[in-house]
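Taking it in order: structure first as structure tokens, then the write-up.
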Amino acid sequence: MLLIFFGLKAFSQDENVIELKTQATFILTQTSNGRYECKVAEMKKFNEKTDITGDQLLKDKIDTNQVRLYFFRGKFGDSKKTLLIIKSGLKVALNYNARIKLAGAEEFRQTDVEPLFPNVKSLEEWPDNVIEIMLGDFTLTNNPM
């Protein structure tokens, strides 16, 4: 028996695709070897009229087993950029994997992100027109806090 697969993309089970203009909350459950299983608790789109400012986002405390984020195009400095504002409620620092998909591209590509520290709002920014981001592989970090 011969099977042929075209365009099959292999992604980890715990990677979640997030479209631009989305607010998402994930629940993280520790498994083994410092790894965390990631499940979507809530994902909702917002419109262009939603007032998005970094100071207002994620100012509330996040539950101890959650990661919350906003993914959108916004002004950062003097130019418009794609922004990911993300915050972890876990009591430990985490690394995670992120892949981005640019407008007009067919594939996701790996991008660098900074570790998440407990209850600290992090900002990632790209000058490119990123239309989707995929997050996953949450693990304990070795970086000191």
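The values are calculated or read from the model by the stated rules, or taken from the named source; none is laboratory data. None of these values were measured; they are calculated from a predicted model. Keep in mind that these areas ignore ligands, DNA and RNA; they rest on the heavy atoms of the full protein, side chains included. Shrake-Rupley method; radii C 1.70, N 1.55, O 1.52, S 1.80 Å.
For M134, M43, write out the residues from largest to smallest accessible area, computed with a 1.4 angstrom probe and no ligands counted.
Numbers: M134 0, M43 80 Å².
Ranking M134, M43 by accessible area, largest first, yields M43, M134.
Accessible surface of R35 in the full protein assembly, 1.4 angstrom probe, to the nearest 10 Å²?
Answer for R35: close to 100 Å² accessible.
Lysines near K80 by alpha-carbon distance under 27 Å, same-chain residues fewer than 8 away left out - which ones?
K80 reaches K21, K44, K45, K49, K59, K101, K121.
How would T141, T31 line up by accessible area, probe 1.4 Å, largest first? Working shown, then result.
Details: T141 25, T31 80 Å².
Order by accessible area, largest first: T31, T141.
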